[in-house]
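Asker: Dropping the structure in here first, questions after.
Bear in mind that the values in this text are calculations on the coordinates, not laboratory data. These figures come from a predicted structure and were not determined experimentally. Please note: Cβ atoms are built from the backbone with ideal geometry, for glycine as well, and neighbour counts cover all protein chains shown.
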Amino acid sequence: MVSTPIGNLEDITYRAVRTLKEADLVAAEDTRNTRHLLDHFDIHTPMTSYHEFNKLDKAEDLIGRLESGQNIAVVTDAGTPGISDPGWELVRMCLDRSIRVEGIPGPCAAINALVTSGLSTVRFSFEGFLPKDKKELERVLSELKDETRTFVIYEAPHHLVKTLELLLDRLGDRRITLVREMTKLHEEIIPTTLQGALDLYSETDPRGEYVIVLAGKSREEMEQERKAAFEGLSVEEHMKLYLDQGIDKKEAMKKVAADLGVSKRDIYKQLI
Ligand code: SAM
């Protein structure tokens with residue numbers, strides 16, 4: 001699994017070049033794209049295509065070659081194979097057959113965007129492209145609403161505004177950083193908010209490749225939201241909130257007491 005540049009060809013590693021030269025075959029997502037890369041580094045290894053639409057059938061063929069002793073370098077159009085690109089299924093198949101797999105580390109748009117976003121890198125989640133299927137999309141968005149980790153989304157420029165609108169609507173406004181055209185001439189890091197980004201693109205059209213890095217929800221925000229949910233409720237109504245979730249009476253009393261910062265006995269007294 002050989003990582004290749006996401007723009008600037010200087011980002012290829014010595015080891016990637018050597019691996020591509022020494023391999024018996026390069027399995028490339030788009031052979032025309034990879035041809036430029038190989039030509040640039042004077043690499044003459046034969047190529048075959050391995051992409052989203054032939055990945056399962058083609059994997060069998062590649063596995064056959066690997067089992068006969070060949071070495072195959074898998075590359076995609078840009079960055080790390082398997083990351084929002086085909087590749088992981090082939091790795092699974094190799095590992096299942098005890099075929100040795102090696103990753104040649106290198107550029108990955110998600111990681112480069114994350115580390116230049118100015119948002120916390122302590123814990124993060126990679127979301128790739130949001131799902132196209134509406135139901136699955138809503139499921140993911142509802143999970144992301146309360147995500148406390150920083151999260152990273154890939155998006156194509158012509159869908160960017162729609163995605164930003166959707167994120168603002170479902171998640172509420174929050175800090176984001178748009179990282180565009182990384183490692184290229186027009187590279188830009190735009191620390192903003194979802195609303196700020198929408199204001200920006202109401203005047204200009206998004207162009208080039210983008211990664212959206214979003215701040216996770218802070219624990220304070222979570223706590224505030226939790227408190228807002230029971231503000232103004234009577235103890236009975238507050239209890240019902242938990243009982244309706246299938247929580248038993250004893251546990252519900254404990255939770256109400258914790259929410260209000262009083263003892264369980266106080267709640268008990270108020271309920272009888
Ligand atoms: N495998 C790749 C990787 O390791 O990052 C990702 C491939 S995915 C099909 C392509 C998406 O990655 C783009 O739509 C964009 O969101 C992001 N991307 C790739 N190169 C980029 C760059 N130079 N600047 C900003 N985003 C980039």
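Asker: May I ask you to evaluate 6.51 cos²θ - 1.76 cosθ + 1.60, the Karplus curve with θ = phi - 60°, for each residue of segment 236-247 and list the ³J(HN,Hα) values in order in whole Hz, giving x for glycine and proline?
Answerer: Rounded to whole hertz, the list is 4, 5, 5, 4, 4, 3, 7, 4, 5, 8, x, 7.
Asker: Looking at the square roots a ≥ b ≥ c of the eigenvalues of the Cα gyration tensor of segment 28-142, which shape do they give, rounded for a/c under 1.5, prolate if a/b is larger than b/c, or oblate?
Answerer: In terms of gyration-tensor shape, prolate.
Asker: Right, next: How big is the dipole moment of segment 9-96 about its Cα centre under a simple scheme where the beta carbon of each Lys and Arg is +1, that of each Asp and Glu is -1, and everything else is neutral? Debye, nearest 20, please.
Answerer: Dipole magnitude for segment 9-96 comes out near 180 debye.
Asker: Quick one: 3J(HN,Hα) in Hz for segment 51-66, Karplus 6.51/-1.76/1.60 with θ = phi - 60°, rounded, Gly and Pro as x.
Answerer: 9, 3, 8, 10, 4, 7, 5, 5, 4, 4, 4, 5, 4, x, 5, 4
Asker: Compute the projected area of the convex hull of the Cα atoms of the chain, averaged over all viewing directions, and report it in nm² to one decimal place.
Answerer: The Cα convex hull of the chain, projected and averaged over all directions, gives 19.4 nm².
Asker: Can you tell me how much longer the chain between residue 9 and residue 40 gets when fully stretched, taken as 0.36 nm per residue apart minus their C-alpha distance, in nm with one decimal?
Answerer: Here the answer is 10.3 nm.
Asker: From the cross-link list 134/217; 217/240; 227/264; 227/255; 135/240; 145/240, which pairs have alpha carbons spaced over 21 Å apart?
Answerer: Over 21 Å apart, Cα to Cα: 134/217; 217/240; 135/240; 145/240.
Asker: Quick one: net charge around residue 107, please, counting Lys, Arg +1 and Asp, Glu -1 for every other residue with C-beta under 11 Å from its C-beta.
Answerer: Local net charge: -2.
Asker: Find me the longest stretch of the chain that has none of the exposed trypsin sites (Lys or Arg not before Pro), where exposed means in a DSSP loop (not H, G, I, E or B) with at most 14 other Cβ atoms within 10 Å.
Answerer: The longest such stretch corresponds to 1-96.
Asker: Report, to the nearest 10°, how far helix 219-230 tilts away from the longest principal axis of the Cα atoms in the chain, using its own Cα long axis and a range of 0 to 90°.
Answerer: Tilt of helix 219-230: around 40 degrees.
Asker: Cα axis of helix 134-145 to longest principal axis of the chain: angle in degrees, 0 to 90, nearest 10?
Answerer: Its long axis makes an angle of about 60 degrees.
Asker: If eta is 1.002 mPa s and T is 20 °C, what Stokes-Einstein diffusion coefficient results for segment 104-194, Kirkwood Rh from Cα pairs, in µm²/s?
Answerer: In µm²/s, the coefficient is 153.
Asker: Roughly how many Å is it from the Cα centre of segment 140-202 to that of segment 1-69, as a whole number?
Answerer: Each part's Cα centre sits 32 Å from the other's.
Asker: Nearest 5 percent is fine: what portion of the DSSP beta bridges confined to the chain is antiparallel?
Answerer: 55
Asker: Further question: With everything on Cα atoms, drop me the angle between helix 31-40 and the longest principal axis of the chain, reported from 0 to 90° to the nearest 10.
Answerer: Orientation of helix 31-40: about 70 degrees from the principal axis.
Asker: Also, I was wondering about something else. Counting only helical runs of four or more DSSP H residues, what would the 222 nm mean residue ellipticity of the chain come to if each run contributes -39,500 (n - 2.57) and the total is spread over all its residues?
Answerer: Helix contribution divided over all residues of the chain: -13500 deg cm²/dmol.
Asker: Would you kindly state how much longer the chain becomes between residue 169 and residue 101 on full extension, computed as 0.36 nm times their sequence separation minus their alpha carbon distance, in nm to one decimal?
Answerer: 20.2 nm
Asker: Which value, in debye to the nearest 20, describes the size of the charge dipole of segment 109-218 about its Cα centre when Lys and Arg Cβ atoms bear +1, Asp and Glu Cβ atoms bear -1, and nothing else is charged?
Answerer: Dipole of segment 109-218, to the nearest 20 debye: 320 debye.
Asker: Right, here's the next one. Residue 244 to residue 137: FRET efficiency via 1/(1 + (r/R0)^6), r the Cβ-Cβ distance, R0 35 Å, to the nearest 0.05?
Answerer: 0.80
Asker: Roughly how big is the chain's charge dipole about its Cα centre, with Cβ charges of +1 (Lys, Arg) and -1 (Asp, Glu), in debye to the nearest 20?
Answerer: 1040
Asker: Please compute the length gained on full extension between residue 184 and residue 233, using 0.36 nm multiplied by the number of residues separating them and subtracting their Cα-Cα distance.
Answerer: 12.1 nm
Asker: Round to the nearest 0.05 the FRET efficiency obtained for residue 68 and residue 32 when R0 = 22 Å and r is the Cβ-Cβ distance.
Answerer: 0.20
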